[in-house]
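J.: Below is one structure. I have some questions about it.
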Amino acid sequence: MSDDLQIIEKAVNILNDVNWAAYGDHQATDYLAYIQGQHSDEIGLMDRLLGEFLEQLLGFTLHQDLHPQMTAKTTGKCPDYIPDDTHLHPFVFDAKGSDTTDLGQHYDQIAGYMRSKGLRYGVLTNMRDLAVYALHSRQPEADYCFSFRQLYQDYQQDPTAALEAQNTKHFLAFVHRFQRRELDRAAKIQAIIDARHGLHDAELDLDDLVRRLHEIVAVLHEDARQQRKYPPERYKYILERQQQIALEIDTIAREIAPDLPERKIKAATLKTLLGAAGDTTDGQATDRYLYRVAYFAMTRILLARVWEDIGFIDQALYDGGFERLYEWLGNQVQRVLSQAFFFASERYSWLYGLENNYTWYIPSEDVLIDVLYDFSRFDFRHLDADVLGAVYEAYLDKTDRKNKGQYYTPRPMVQFIWDRVGFNTPGRVFRFEGGERKPRVVLDFCTGSGGFLVEAARRIRETALGADFDPEDPARLEAVSLDDLILVMTALIEGLRGSEINAFAYYLTEVNLLMQLTPIIAAILKKAPHALRFGRDYALAVIHQDALKLYNRLQPTLNDNEGNRVSEFVRSDEVYERDRRHDIVILDGYKYIAYNWLKSATREADYVCSNPPYVGEKGHKELFRYYREKFDYWDRYYQGKMDYLYWFIILGLSKLRDGGRLGYITTSYWPTADGAAILRQYILERAKIVGMIDFGETRIFSDAPGQHNMVFVLERCDDEEARAANRPCLVRVEREFEGETIEERLTRLLAHIQKHIVVAPDQDFEDDYISVFWSPMTQDALSSSSWNFFLSSGAELSDIVARAGTTVSSFCQVIKGVETGANSVTRRNVEHLTDKSLLGAGIFVLTQKELDALGLSPDEAIRLKPLVRAEDLGYGLVDKADELHLLYIDDSTDLRKYPQIATRLRKFRPILENRAEFVRNPNRKWYALAWSRDEALLQGPKLIVSYRGSGNNFVYDESGSFGLSGMYFIATKAKSAISIKYISALLNSKLLDFWYAHKGKRKGKQREYVERPINDIPIRGISFDPPTEEAARRAVLDSLKAHLDAGDYDAAYATLHQALDAGQEDAVHDGLVELVDQIIALKTDLATYNHHFSTRLTRLEENDPLPEIEPLAVLQGLPATEQWSVDMHIQNGTLSATQDLFGARDDFYFHRVKASTTTSITLQARGRKADTLTLSGDRALIGYLKAVLPAKQGQFWRDVKKTLMPKDIGVYQDETQHIVNIVADIRNKVAGRQAVIDWLVLDLYGITGPDDRKLVLGKTA
């Protein structure tokens, strides 16, 4: 068979392998029959078929060199499939449904994809036809267009003859043109040479660029690992550099293992460190160092390319410059890169002209070709976004966030903070002096990748030059003045100041800011070539330095390497001392000037905005000890249990001019933390608290575990009276917005806050998402003690609870309920059935009536499980309103063994086959549950909790009931000695309810109980060793029961409290189990009275009042001799009836109650001149009728008069009171036993302070 014939056969086989009956109207049995119809099948069928076609015929591999449904945050365009290498494969594929009869109607959409990606072709198909379009023509490329249906028919009739058909030739031409290709080294170089700017007006795809940057770093990292032995050779005679690299690796090692013994680092140490095994601390540290090397290499190449694209330096890595240099330098790409870096060094020597710990690495020839090839597809002329922020976040993922406390600040949050400090109007972005605009001084002492400074640069540029300024557009360049361009350049070079302790992050900041600066310089040079000094080195006022060394020091000292004071100076510019371990980048020249600016005590800053590191003293005592011993300044502001970030708040405030503003995002604990008293006092003495936004449970940082964050703004204020009179504006976030990603949810929330935060001092705002209000107290009412503006007073207590116990996951297994995919026939899925009368019928969930109708044999009945629903969960008891059953069948079930069940399920087969899980996985058994669960766990003793609830309600069940996905099930692990009832006592206690309120998951006012937060609930374990003597253990239980029987709950608690104090933990365990058993028994008794009340009693919370009693239910409980009717009372004379009727009394139609008094009730018929009938009698009887007659509306009098009434209202009232008393007694007994549990659980967790106990228990304390 020829190769072409094999290709055709593959295409036909793909179409034959589909179960066509599962799609459309379920009538088609093969491809030709199906494709004759028109179906809405783009998603789930056609896009999947196209993917198989691209893999099997064109040779692509999904998720490797072909990406399905790419997200495009920037453009919003999402083709179905796009090749990874659009340089080599400049086309995109998009599937349409078979209901598309004219593919050409989607030309604009496919053209948008092509334009945004800079592609040559767009391919559209509905798997009936396939059309190929070029960007600038609506006419399809005829040579590549073909019909799948014609190809299929021709092959079926005569495979050999099909080869001669014109349609087949077009099909084969398409396959050969669009199949996956590989480029060799020479071809990649040629592609770099041939690449040009503005291919088909391509937009810069930021998502694709970020993905490429990650891939490039991975390749460079592996290449650097291969060259790891090179530094000792390159620096053979430069021992200081060898030592510097070794010191950096050693520093990383100490971040990984803080307890690493001290060692002397010499030049010779480098070779040892670089050769360390990968599973050792040194090996891991070396690998992290090599990641820094790789990231640094990538950023330098990227910046050089950006500069080439904007014309800031000569071309070398792209466009025509590469071809010229490649030939001139002997076809060596490494030499071309060196020349590019030389061009860049003439503009910015700090990054390209000086040696540092990373510059030894030059990518190998093949790797460098791949990197340049990847970059050659991008036009960087309009790159002004913080693309390196995502790179920095990935870098942090590869380092120890816990030790560094560093988290990448999302761009929406950066923008929000700048808005909150007011850096968003011309008067706040620039200062006006003598009629001229001057740059503001902006500081960030923890720049990270430079996100805050990059956003400030964008605002400066847009304020001065306009949001639509484009240096590539001659008209817009002409419209701005040279003075404005120079103002922006000066503001970026001198006004934006910052420091970063991490050398790699510092370089990212440099590169990110240079991307903002260099287009401005390029525009100046275009507008006025001689406006700037020739060969100027444009340095930035950002330095690599430990920010805590930049504190204000009026009389600084100079120490030698041993720490001894050598001399004292008045001038701060003479005190810089290089830290050989941490100061990888030497401060000299302009950088030294920038250091002096940052170190200055003259308070020049207008703004300080940052995201300081979050590092608590616990576990990091050495870090705090270092700063306290090294710097008296920070020792002055030290306090036990403080956080590292407190010093950064003090540092920021110390630099601000009067009226300058500080905006930080930090954890939300410091306003109330014991260890922040000194910080709070410092703020009160120097600043106005402008505002605080508490984000509560909102996720801001994707990888920050369990943190609660806040944004706050402080304004430096030297006027003591103004500070005292200030009232902060406060925002409390109540819930998150919906969204697929953290950033999407955060963006919507921040926009909502921005819209509503501007309220007058006497106003507030509140909705489901936020509360905005002004502090009820002015600053003069505050002290260094806790500032309880709005922060939860239970946050610290919750932490104590967490530390007192291990987690649920240590003792229990937590699973989600069963997912059927089709509980019953609904209005939505009935469309798959021809018999629409089945609407409402149970599929996997059956009523008792449906189960009885099946008449299953005992062998088949075992597949039916009792079902509990979320609405069946009372407080502490499964209380079913009706009996439901779950048909439990999984993929391992042999349906042939259950013929009656099989017959029933076949009626619903079209629905079952179209469940999402089975469309994704067609090999699964069509009749199985979508997701079955651990059958043994569900059948045994367990706790059940609803997915949503207002508070903890973990319900014990031993009936073997199964449940659906709206619930979670908890059972103790096989070898656990702890009873699930003990777990129940803890989980339903007020303490753990309090804990979950602060630490659990929320959805608005409701809590969410799902696997992870349930697993994280702290459980106080029980020590069963040594066991309590049996007699003593029995004595504790007997005493407990006696006190409970007597209703002496204080004594009952005292019994268990004393046992706990005596170390009899197993007896305490058994006591709690006994309490739970008694509560379950009482609740079971309570449920028997449900029918007497309008609301099921098991649904009531502890303090809820009793609902209205159901009179008829009480009456029906009396002897028959005590039950009369309305008519009997009328005949007996205890009720009288008067009427205004046109017809017979029995034909009176009761429409509504017209009026009533204490002794009468008037019924009215329908109509303007309606008949009326009035019943009069004893107050108690009429009161009864008022309660029961509204239920008789819509009936004739002949039926209404049969309504039951008590013969003797006194007997009825006594019975009513008797029922109420019994129910109240049961509820009191439940409350008393629950109180004992609540008190004892506080003891178990060590919560003994009266205030803390009162906080948890409230009135029951």
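The values are calculated or read from the model by the stated rules, or taken from the named source; none is laboratory data. This one's a predicted model, so the numbers in the text were calculated from it and none came from an experiment. For neighbour counting, all protein chains shown are included, and Cβ atoms are generated from backbone atoms with ideal geometry for every residue, glycine included.
J.: State all residues of segment 927-958 that are part of a strand (DSSP E or B), surrounded by fewer than 20 Cβ atoms within 10 Å (Cβ to Cβ) and hydroxyl-bearing (Ser, Thr, Tyr); if no residue qualifies, say none. Walk me through it before giving the result.
T.: Just the residues of segment 927-958 that are part of a strand (DSSP E or B), to begin with: 931, 942-946, 948-949, 955-957.
When the remaining residues are screened for being surrounded by fewer than 20 Cβ atoms within 10 Å (Cβ to Cβ), the result is 931, 948-949.
Matches in segment 927-958: none.
J.: Sticking with this structure for a sec: State all residues of segment 1107-1158 that are among the β-branched types (Val, Ile, Thr) and either outside any loop (DSSP other than H, G, I, E, B) or more than 30 Å from ALA1224 (Cβ to Cβ) (or both); if no residue qualifies, say none. Explain how you work it out, then say what you get.
T.: Quick first cut of segment 1107-1158, residues among the β-branched types (Val, Ile, Thr) only: 1109, 1114, 1121, 1126, 1130, 1134, 1138, 1153, 1157-1158.
Scanning segment 1107-1158 gives ILE1109, VAL1114, THR1121, VAL1126, ILE1130, THR1134, THR1138, VAL1153, THR1157.
Residues are listed down the side, and each one gets a yes or a no for (1) under 22 Å from the mean Cα position of the chain (by Cα); (2) in the same structural domain as HIS998 (by TED's automatic domain parsing); (3) within 24 Å of ALA997 (Cα to Cα):
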site	(1), (2), (3)
LEU714	no, no, no
ARG723	no, no, no
ARG735	yes, no, yes
GLU743	yes, no, no
ILE757	no, no, no
PRO761	no, no, no
ASP764	no, no, no
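Per-residue answers, yes or no, for (1) surrounded by fewer than 12 Cβ atoms within 10 Å (Cβ to Cβ); (2) farther than 27 Å from LEU1173 by Cβ:
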| site | (1), (2) |
| --- | --- |
| THR1084 | no, yes |
| PRO1105 | yes, yes |
| VAL1114 | no, no |
| GLY1117 | no, yes |
| GLU1122 | no, no |
| ALA1137 | no, no |
| ALA1144 | yes, no |
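J.: Continuing with this model, one more query. Working carefully through the options GLU1029, GLU1008, find the one that is surrounded by fewer than 23 Cβ atoms within 10 Å (Cβ to Cβ), touching a residue at least 40 places away in the same chain (Cβ under 8 Å) and among the charged types (D, E, K, R). Full working, then the answer.
T.: Working: GLU1029 fails: touching a residue at least 40 places away in the same chain (Cβ under 8 Å).
Every option except GLU1008 fails the conditions.
J.: Check segment 794-805 and report whether any residue there is modelled with pLDDT of 90 or more and surrounded by 15 or more Cβ atoms within 10 Å (Cβ to Cβ).
T.: No, segment 794-805 contains no residue that is modelled with pLDDT of 90 or more and surrounded by 15 or more Cβ atoms within 10 Å (Cβ to Cβ).
J.: In this structure, does THR820 turn out to be among the polar types (S, T, N, Q) and under 22 Å from ALA902 (Cβ atoms)?
T.: It is true that THR820 is among the polar types (S, T, N, Q) and under 22 Å from ALA902 (Cβ atoms).
Results for (1) among the charged types (D, E, K, R); (2) assigned to a loop (DSSP other than H, G, I, E, B), shown as yes or no for each residue.
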{"position": "GLY963", "(1), (2)": "no, no"}
{"position": "ILE983", "(1), (2)": "no, no"}
{"position": "GLY1021", "(1), (2)": "no, yes"}
{"position": "ALA1031", "(1), (2)": "no, no"}
{"position": "ASP1038", "(1), (2)": "yes, no"}
{"position": "ASP1045", "(1), (2)": "yes, no"}
{"position": "GLN1058", "(1), (2)": "no, no"}
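J.: Sticking with this structure for a sec: Please find, within segment 521-570, the residue that is modelled with the lowest pLDDT out of those that are over 30 Å from PRO612 (Cα atoms) and within 43 Å of the chain's Cα centre (by Cα).
T.: That would be ALA522.
J.: Within segment 13-46, take every residue that is more than 13 Å from ASN914 (Cβ to Cβ) and among the β-branched types (Val, Ile, Thr) and give me the one that is surrounded by the fewest Cβ atoms within 10 Å (Cβ to Cβ).
T.: By that ranking, first place goes to THR29.
J.: Take residues that are closer than 27 Å to ILE501 by Cα and not hydroxyl-bearing (Ser, Thr, Tyr) and tell me which of the helices (runs of 4 or more DSSP H) falling wholly in segment 228-346 contain 3 or more.
T.: Answer list for segment 228-346: 230-234, 239-256, 269-274, 281-309.
J.: Against the condition free of Cβ contacts under 8 Å to residues at least 40 places away in the same chain, more than 37 Å from the chain's Cα centre (by Cα), assigned to a loop (DSSP other than H, G, I, E, B) and farther than 30 Å from ASP1104 by Cα, how does THR903 come out, does it pass?
T.: Judged against the criteria, THR903 is not a match.
J.: Determine which single condition ASP194 fails, assuming it passes every other condition in (1) assigned by TED's automatic domain parsing to the domain that holds TYR295; (2) over 27 Å from ARG292 (Cα atoms); (3) in contact with a Leu (Cβ under 8 Å, 6 or more places away or on another chain); (4) surrounded by fewer than 16 Cβ atoms within 10 Å (Cβ to Cβ).
T.: Here ASP194 clears every test but (3).
J.: Could you list, in sequence order, the residues of segment 873-882 that are closer than 17 Å to THR1084 by Cβ and assigned to a loop (DSSP other than H, G, I, E, B)? Steps first, answer last, please.
T.: Initially, segment 873-882 is screened for residues closer than 17 Å to THR1084 by Cβ, giving 873-881.
Result: TYR875, GLY876, ASP879, LYS880, ALA881.
J.: In segment 147-165, is there at least one residue being within 23 Å of THR101 (Cα to Cα), surrounded by fewer than 17 Cβ atoms within 10 Å (Cβ to Cβ) and among the aliphatic types (A, V, I, L, M)?
T.: The answer is no, given that none of the residues of segment 147-165 is within 23 Å of THR101 (Cα to Cα), surrounded by fewer than 17 Cβ atoms within 10 Å (Cβ to Cβ) and among the aliphatic types (A, V, I, L, M).
J.: Collect the residues in segment 140-191 that are small (Gly, Ala, Ser) and closer than 30 Å to LEU368 by Cβ, keeping them in residue-number order.
T.: Start the filter on segment 140-191 by keeping residues that are small (Gly, Ala, Ser), which leaves 142, 147, 161-162, 165, 173, 186-187, 191.
Of everything in segment 140-191, those that are small (Gly, Ala, Ser) and closer than 30 Å to LEU368 by Cβ turn out to be ALA186, ALA187, ALA191.
J.: Give me the residue from segment 216-252 that is basic (Lys, Arg) and touching a residue at least 24 places away in the same chain (Cβ under 8 Å) and, out of that set, surrounded by the fewest Cβ atoms within 10 Å (Cβ to Cβ).
T.: LYS229
J.: Would a scan of segment 446-458 turn up a residue that is over 20 Å from ILE417 (Cβ atoms) and in contact (Cβ under 8 Å) with a residue 24 or more places away in the chain?
T.: So far as segment 446-458 goes, no, none of its residues is over 20 Å from ILE417 (Cβ atoms) and in contact (Cβ under 8 Å) with a residue 24 or more places away in the chain.
J.: Still on this structure: In segment 965-981, how many residues are part of a loop (DSSP other than H, G, I, E, B) and touching an Asp or Glu at 6+ places or on another chain (Cβ under 8 Å)?
T.: Let us first name the residues in segment 965-981 that are part of a loop (DSSP other than H, G, I, E, B), namely 965-966, 973-979.
Subset that is touching an Asp or Glu at 6+ places or on another chain (Cβ under 8 Å): 965.
Of the residues in segment 965-981, 1 are part of a loop (DSSP other than H, G, I, E, B) and touching an Asp or Glu at 6+ places or on another chain (Cβ under 8 Å).
J.: While we're on this one: Is one or more of the residues making up segment 880-893 of a type in the set (Asp, Glu), within 30 Å of SER989 (Cα to Cα) and modelled with pLDDT under 90?
T.: Yes, that holds for at least one residue.
J.: Can you say whether ILE238 is closer than 23 Å to LEU508 by Cβ and in the same structural domain as TYR295 (by TED's automatic domain parsing), as far as the supplied structure shows?
T.: Taking the combined requirement at face value, the residue does not satisfy it.
J.: Check segment 997-1011 and report whether any residue there is outside any strand (DSSP E or B), modelled with pLDDT of 95 or more and under 26 Å from LEU1075 (Cα atoms).
T.: no
J.: So which of LEU846, LEU877, LEU839 ends up being among the hydrophobic types (A, V, I, L, M, F, W, C), within 20 Å of THR893 (Cα to Cα) and not assigned by TED's automatic domain parsing to the domain that holds ILE1079?
T.: Selected residue: LEU846, the only one of LEU846, LEU877, LEU839 that is among the hydrophobic types (A, V, I, L, M, F, W, C), within 20 Å of THR893 (Cα to Cα) and not assigned by TED's automatic domain parsing to the domain that holds ILE1079.
J.: Hey, does segment 1239-1247 have a residue that's modelled with pLDDT of 85 or more, of a type in the set (Val, Ile, Thr) and assigned to a helix (DSSP H, G or I)?
T.: Checked segment 1239-1247: at least one residue is modelled with pLDDT of 85 or more, of a type in the set (Val, Ile, Thr) and assigned to a helix (DSSP H, G or I).
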